[in-house]
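The values are calculated or read from the model by the stated rules, or taken from the named source; none is laboratory data. Keep in mind that what you see is a predicted model, and the values were worked out from it rather than measured. So basically every Cβ, Gly included, is an ideal-geometry build from the backbone, and we count neighbours across all protein chains shown.
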Amino acid sequence: MNAPAKLPALQVSTPTDTTIVLLRSFNAPRKLVWEAMFTPDKMRRWMVPPPQWTQSVCECDARLAGVLNIAWKSAEADPAMTLRGVFTEIVLHERAVHTEVMALGNGQIVGSQVEQHEFSGSGPTTTLRITQTYVSKEARDGALGSGMDEGMEACYALLDGVLAQGW
Amino acid sequence: MVLDHSPRLDLVFHALAHPARRAIIRQLTGGERNLSELASPLKMTFPAASKHVRVLEGAKLVRRRIAGREHLCRLEAAPLKDATLWTEQFRQFWETRFSALDELLEEMKQQAEAPPRKP
């Protein structure tokens, strides 16, 4: 079996105050990456849930005005979190834009953004560029900082202290 | 699962993981220090302190210059100010997903390439 070509690592950038851009290449043609991204039984494989959660609903209709509907459940709540959106632009195997609203099980909205997926490349590799556009800089920064564990918090507390001393 | 870490950030976090090296950073926030000044409050030998400084140098957190017989150390802020530091957790969240996607795509490719079975 041939070893897959080594592709550049994931790049995350923040070209504007309200956006996050993810750039990642895959050893597969565009059609396959598209299918993996937007077919429910494939999405379950890579949308890894937080620990102790399982995905309970996964609907994705990647056509114009098609609906995205995902839910996760935990031991305490079903749903614990929902993600709902609508596809607003589709160019098959090239470009997909959908809205995305994240809410807690009680309906409280915790995030709202637009996700644009651009697939480029011909042949056996595909570069995927995901542009997430948030409603404000605060929302964008919140998304970037989420999921921080305690170890990181400790590091940041230290860095804050260091930076506060006049760097 | 192998995550594709940023090697540079790994160096920064490794450098910050040791209390002696954090103490050295704290001292250096007061300005340039020579190695003996850094070693004495840590109750450390010169070579031991030098070893820690080397790790900090490797992460580009500290720069050492030699003036006569003195090894003068100062802080380098750039790696800590780098925005990618606080976005690392976000990056790893997505890299976990994309690594899972890599595995899935390999399976999909093998299925697509498999010769059709004869009945």
Answer yes or no as to whether A:F87 is touching a helix residue (DSSP H, G or I) at 6+ places or on another chain (Cβ under 8 Å), aromatic (F, W, Y) and crowded, with 17+ Cβ neighbours inside 10 Å.
-> no
Within the stretch A:76-129, restricting to residues that are of a type in the set (D, E) and part of a loop (DSSP other than H, G, I, E, B), the one that is nearest to A:L23 (Cα to Cα) is A:E94
Would you call A:K42 modelled with pLDDT of 90 or more, in a helix (DSSP H, G or I), among the charged types (D, E, K, R) and more than 27 Å from A:A71 (Cβ to Cβ)?
-> no
Among the residues of the stretch A:59-75, the number that are closer than 17 Å to A:H117 by Cβ and assigned to a strand (DSSP E or B) is 4
Enumeration of residues in the stretch A:38-71 that are within 8 Å of chain B (Cβ to nearest Cβ) and touching a residue at least 40 places away in the same chain (Cβ under 8 Å) | none
Give just the number: which of (1) out of contact with any helix residue (DSSP H, G or I) (no Cβ under 6 Å at 6 or more places or on another chain); (2) in a strand (DSSP E or B); (3) not aliphatic (A, V, I, L, M) does A:Q55 not satisfy?
-> (1)
Kindly indicate whether any position in the stretch A:10-31 is charged (D, E, K, R) and assigned to a helix (DSSP H, G or I).
-> yes
Residues of the stretch B:13-34 being of a type outside the set (G, A, S), surrounded by 13 or more Cβ atoms within 10 Å (Cβ to Cβ) and either within 11 Å of chain A (Cβ to nearest Cβ) or in a helix (DSSP H, G or I) (or both), in sequence order, are B:F13, B:H14, B:L16, B:R21, B:R22, B:I24, B:I25, B:R26, B:Q27, B:L28, B:T29
Of all residues making up the stretch B:15-48, the number that are in contact with a Ser or Thr (Cβ under 8 Å, 6 or more places away or on another chain) and aliphatic (A, V, I, L, M) = 2
How many of the residues in the stretch A:6-30 are touching a Pro at 6+ places or on another chain (Cβ under 8 Å), facing chain B (nearest Cβ under 9 Å) and farther than 15 Å from B:A100 by Cβ?
-> 1
